[in-house]
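So the structure is just underneath, and the comments pick up after that.
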Amino acid sequence: MRWKRKDLLDLESLSLQELEYILTTAASFKEVTGRQIKKVPALRGKTVVNLFYEPSTRTRVSFEVAAKRLSADVINIAAEVSSVKKGETLIDTGKNIEALKADIIVVRHSASGAAAMLARHLKANVINAGDGWHEHPTQALLDIFTLREKLGRIEGLKVSIIGDIAHSRVARSNIWGLTKMGAKVTLCAPLMLIPPGIEETGVKVTDDLDQALSEADAINVLRMQFERDEAGAFPKAWEYFKTFGITEERLQKAKKDIVVMHPGPINRGIEMSSEVADGVNSVILEQVTNGIAVRMAVLFLVAQAKNGKKANSN
Amino acid sequence: MAKKRILIKGGRIIDPDGDFDQIGDILIEDGLISHRGDAQGSSADTVIEAKGKIVMPAMVDMHVHLREPGREDKETIASGTTAALRGGVTSVLAMPNTNPAIDSPEHIELLSQIIKKTAHIEVLICGTITKKREGLELSDITALKKKGALAITDDGSSVDDLELMRKAFQEAKKCGLLVICHSEDKKLSGDGAVNLGFTSTRLGLKGISKESEYKRVARDVELAKETGARIHIAHVSCKESIEIIARAKQQKIAVSAETAPHYFTLCDQAVLGFDTNMKMNPPLRGKEDLEAIKEGLRQGIIDAIASDHAPHASSEKDIEFDRAAFGVIGLETELAVAITELVEPGILSWLQLAKAVSYNPAKILGIDKGKLSVGSPAEIVVISPDQEWVVRKEAFLSKSKNSCFLEKKLKGQVIYTIHQGQVKWSL
Ligand SMILES: [Zn+2]
Ligand SMILES: [Zn+2]
């Protein structure tokens, strides 16, 4: 197939074919990064701008490494969401960056839809590196990539996503990606952290961790962001660990070779114990490695799409 | 100034007053309809050939934000009323959430002066329920009425304080003033941006529950029952609100209701893609609600269609979705949208449409409009019912362009708008 999308904004609008294509492309880039000389000239002469309105060293560094391995020039911009109305708008900033002849803009923003808005107004390729609670497509792609590498397939797998689903862009992107690829997804969280209508995606919902663990081939454990709890909807941290924290003891009841994922950074002793995070089932560091290959694939693919066209209608 | 005689010839005359639907002529003299039926032999200065056209009362839009005084960058009374003419509207009720808010006779005076100097149609005045719309202290409701306000509302917000709202209703009842309710419990809607449900989940945006609307509708209806005040529920968007209003009407509570074209045309899925022109308050709801709104109009539970014309500068719309302003413009599209979505598919007859857009709102506001009987003021719109057109940003006469119908193909084109017996707009 030929890649046609100018931007990668979400996984919701991708077809199964497109998902497969990114993963296949990522696999070939992973092979490259295993070599002595890790660089390929695929994006030589192109400029990638990392526009981050939220601090995220991991994602930013991962994109930076990915872009450099493709021989692109990389500029990092740590921006601030202006609280004053008169501040430069996101679109202004985007247009300014574009005027500097940026080819690809990787954007992280606290507002859902920020990447989509940029994409609508810019000719440059836009990659969503996380927008509000909406989506974090490359994180889900690297989760799925890792899972497939470990277990050989996605179709038919039972995957449980555990934690604050309501406020998680990682969860949303994983749900879309996994269900499209035929996995059976269970969400596990205190019910007040399950967003309304989510069952319409085809997932199951439970607040019983043992049930979520019992048949799972893999779990994806989300970071609990207690500092974000405006409404007082969250349980206390220790309470959360007691009910939803992943411990070795709890994993005893799960499949022996269950794959344990976490998008990082981990709150040790809140979402999972250190023993689990560093244990044999954990693939957390492999996720980080795979993140580079997946982001290389995404950067490479969007650059193939024609610049200068209007955004895809997603 | 001697007014010209205008003859509208051979159109299909739709007069909701008396359920009149016949081909015929209308003669206008001295600003009034002087003759209806066969006007053969009458001389006229202007003859409008209306064969195959719909001739009905011009719209009375009872929910319009003209932004003046205060935000003349978004809209002025001059620009808003010009836009209204293009849309077939010759009377609007101007919402009082201006700066200053219309909360005193002095501010009515200020507004009246601007209207007198710059309005192209009739701009009717609405006062606030509370001073500065703060929900803390009642405006002098009797004084507002005396100075010419036809209704009061704190539109944009609801008065949360039950006791204060009760007092407002009692005052309004005393002086016979209509209370227009923006029924929203802010404690429940919070800082939501879209309808609460699968759509808010998919978008990762905070939701606005239907409960935040209909619980407040129920409270306002309850207060109307208790006080006997005449109330009007603005921008009804969901099924549950309609059910409450239907029950209230059965109980003969003095309540009327309006909805806006976007609520019978679009559902919350239109927001997928984060188009801020799809952001309004109340938000676009589910498909089920959209169907209920149409049914509510068909049954007459919802009395009126009003635009909730809410102009915003692009700097307030071309920003992150959760920060973008609520509201859309609607004066120039509402009639055509209603024809396309309601008349064309057979949900409303032309007569029912004319009731919803002119006769009923005129009655609710107590003005002598919305009819085409002999002796009535000549407030008329001539529509080419089969003419199709596409909503274009560049074509808007409003100062703001934040329409949720951009690029939509509509059926039904306003070709003449007549106000006070004069052709004020023609295509
Ligand atoms: Zn309102
Ligand atoms: Zn309004």
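Tabulated data
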{"item": "For chain B, the longest site-free run once trypsin sites (Lys or Arg not before Pro) in DSSP loop states with at most 12 other Cβ atoms within 10 Å are removed", "result": "B:52-251"}
{"item": "Set of lysines near B:LYS210 by C-alpha distance (under 18 Å), chain-local residues within fewer than 8 positions excluded", "result": "B:LYS186, B:LYS187, B:LYS239, B:LYS279, B:LYS287, B:LYS294"}
{"item": "Contact order normalised by residue count of the range A:22-146, Cα under 8 Å, 6+ apart, percent", "result": "23"}
{"item": "Simple label model, 7 Å out from Cα along Cβ direction - B:GLU106 to A:SER110, nm", "result": "4.0"}
{"item": "DSSP bridge orientation in the protein assembly as shown - percent antiparallel, rounded to nearest 5", "result": "35"}
{"item": "Efficiency of FRET from Cβ geometry, B:ILE23 and B:THR46, R₀ 22 Å, rounded to 0.05", "result": "0.65"}
{"item": "The range A:1-107: GluC sites (Glu not before Pro) in DSSP loop, at most 15 other beta carbons within 10 Å", "result": "A:GLU80, A:GLU88"}
{"item": "Cα shape, chain A, gyration tensor, a/c 1.5 rule", "result": "prolate"}
{"item": "Over the protein assembly as shown: helical MRE at 222 nm, DSSP H runs n ≥ 4 each giving -39500 (n - 2.57), nearest 500", "result": "-9500 deg cm²/dmol"}
{"item": "Exposed-site-free run, longest, chain B (rule: GluC sites (Glu not before Pro); DSSP loop; at most 11 other C-beta within 10 Å)", "result": "B:138-406"}
{"item": "Reach of A:LYS253 by Cα under 18 Å, taken over lysines that are not fewer than 8 positions away in the same chain", "result": "A:LYS158, A:LYS242"}
{"item": "Label-point separation, B:GLU388 to B:LYS408 (7 Å along Cα→Cβ), nm", "result": "1.6"}
{"item": "Cα→Cβ-extended label distance, 7 Å offset, between A:GLU215 and B:ASP161, nm", "result": "5.8"}
{"item": "All aspartates and glutamates inside 14 Å of B:LYS408 as judged from Cα atoms, apart from same-chain residues fewer than 8 positions distant", "result": "B:GLU332, B:GLU334, B:GLU341, B:GLU388, B:GLU394"}
{"item": "Taking chain A and dividing mean pair separation by its residue count, relative contact order in percent (alpha carbons under 8 Å, at least six apart)", "result": "24"}
{"item": "At least 27 Å along the helix axis (C-alpha) and Kyte average at least 1.0, DSSP helices within chain A", "result": "A:284-304"}
{"item": "Antiparallel DSSP beta bridges within chain A, percent to nearest 5", "result": "5"}
{"item": "Rounded FRET efficiency, nearest 0.05, which uses the C-beta distance separating A:MET192 from A:ASP73 and R0 of 51 Å", "result": "0.65"}
{"item": "The range A:137-288: relative contact order as a whole-number percent, Cα under 8 Å and 6+ apart", "result": "24"}
{"item": "Chain A: most fluctuating residue of A:VAL280, A:VAL126, A:VAL294 per GNM, C-alpha cutoff 10 Å", "result": "A:VAL280"}
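Laboratory data are not the source of any read-out in this text; all were calculated from the coordinates shown. Since this is a predicted model, take the numbers as computed values, not measurements. Note: ideal-geometry Cβ built from the backbone for every residue, glycine included; neighbour counts use all protein chains shown.
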